[in-house]
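Working notes, beginning with the structure itself.
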Amino acid sequence: MRLAIVGDIHANAGALRGALAQIDRQGCDQLILIGDLLTYGVDVEETLELVATRISRGRAMLLRGNHDALYDDLLAGQKTGYFSRLPDWIRDSVEWTQARLSPALWSQLRFHDEVVQQNLLLSHANPFGAGRWDYLNTEEEHLAAVAALQERGFQAGVFGHTHRVKCFQYIRDQSGFFTAASGDLDPKKHYVFNAGSIGQPRDRADPNPYVLWFTDTATPGGWQFSYQRYSYDVDAYLAGIRGSGLAPGSKDKICDFILSPS
């Protein structure tokens, strides 16, 4: 079994095409899209068509993110408290996106709250259950995630949501973040992996994103992981943002995340 995992897309069709090209070259048994298809980027229709096409071919699963749940509500005529609490620039992006969102195309997408592959749990944000959008940033938050994974019988969890690639491991009251482009899972440890975001990475100076791969090794740990970077036309993405009808402040904020990720 070989899994290809794509982090938050956020209407960046160029980044999505780049990820799919890497996946097509290498091949996978299942493609898992971490969710958050829209907001920030401006390639609304193309992003949804690319995702819908992959799902229609089979062997691709789409996880529901907080932004996906938001558009579910908006298309149903509901502006929730979550929407009203968004910063002005994000609310501007959401409203711009909604005006260009085809309900018919959106309805073709089948979202899942979680995907299970052997001893791996995959969801958009965390292992705490549907509708929980708690962020995993600190060590304490990762320890809470490990505890939930242990309680549910999983060795590792794979998430997105924070837009930051992270690897965390735990064994016998010892824990910590680690940096590795690839490796084998140790059966004595529990892990939390973050796939980051292909559409709006926020964790490094290089805006080129990763595809996260998991390969079943038939060893005691069961899996080998690998973050594989690829490139796409970032300048074209930025030009699309600047040429859109978003407010000037919204354009600046979105472009800044690509140019100067925090």
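The helices (runs of 4 or more DSSP H) located wholly in the range 45-141 that include 1 or more residues which are in contact (Cβ under 8 Å) with a residue 40 or more places away in the chain and among the β-branched types (Val, Ile, Thr) occupy 88-99. When only residues in the range 2-19 that are outside any loop (DSSP other than H, G, I, E, B) and over 19 Å from VAL165 (Cβ atoms) count, which is least open to solvent (accessible area, probe 1.4 Å)? Here the residue is ALA13.
The set of residues in the range 172-195 being closer than 16 Å to ALA144 by Cβ, surrounded by 11 or more Cβ atoms within 10 Å (Cβ to Cβ) and at pLDDT below 95 consists of SER175 alone. When you look at THR219, is it within 20 Å of CYS28 (Cβ to Cβ), hydroxyl-bearing (Ser, Thr, Tyr) and either assigned to a loop (DSSP other than H, G, I, E, B) or touching a Gly at 6+ places or on another chain (Cβ under 9 Å) (or both), yes or no? It is true that THR219 is within 20 Å of CYS28 (Cβ to Cβ), hydroxyl-bearing (Ser, Thr, Tyr) and either assigned to a loop (DSSP other than H, G, I, E, B) or touching a Gly at 6+ places or on another chain (Cβ under 9 Å) (or both).
Within the range 62-80, the set of residues being within 25 Å of VAL116 (Cα to Cα) and small (Gly, Ala, Ser) comprises GLY65, ALA69. Residues considered: LEU120, LEU109, LEU143. Of these, the only one that is of a type outside the set (Val, Ile, Thr) and open to solvent by less than 10 Å² (accessible area, probe 1.4 Å) is LEU120. Being assigned to a strand (DSSP E or B) and either closer than 15 Å to GLY41 by Cβ or touching a residue at least 60 places away in the same chain (Cβ under 8 Å) (or both) holds for only one residue in VAL192, VAL211, and it is VAL211. Among the residues here, PRO103 qualifies as open to solvent by 50 Å² or more (accessible area, probe 1.4 Å) and not small (Gly, Ala, Ser).
The values are calculated or read from the model by the stated rules, or taken from the named source; none is laboratory data. These figures come from a predicted structure and were not determined experimentally. Virtual Cβ from ideal backbone geometry, glycine too; neighbours counted across all protein chains shown. These accessible areas exclude ligands, DNA and RNA; they are computed on the full protein's heavy atoms, side chains included. Shrake-Rupley method; radii C 1.70, N 1.55, O 1.52, S 1.80 Å.
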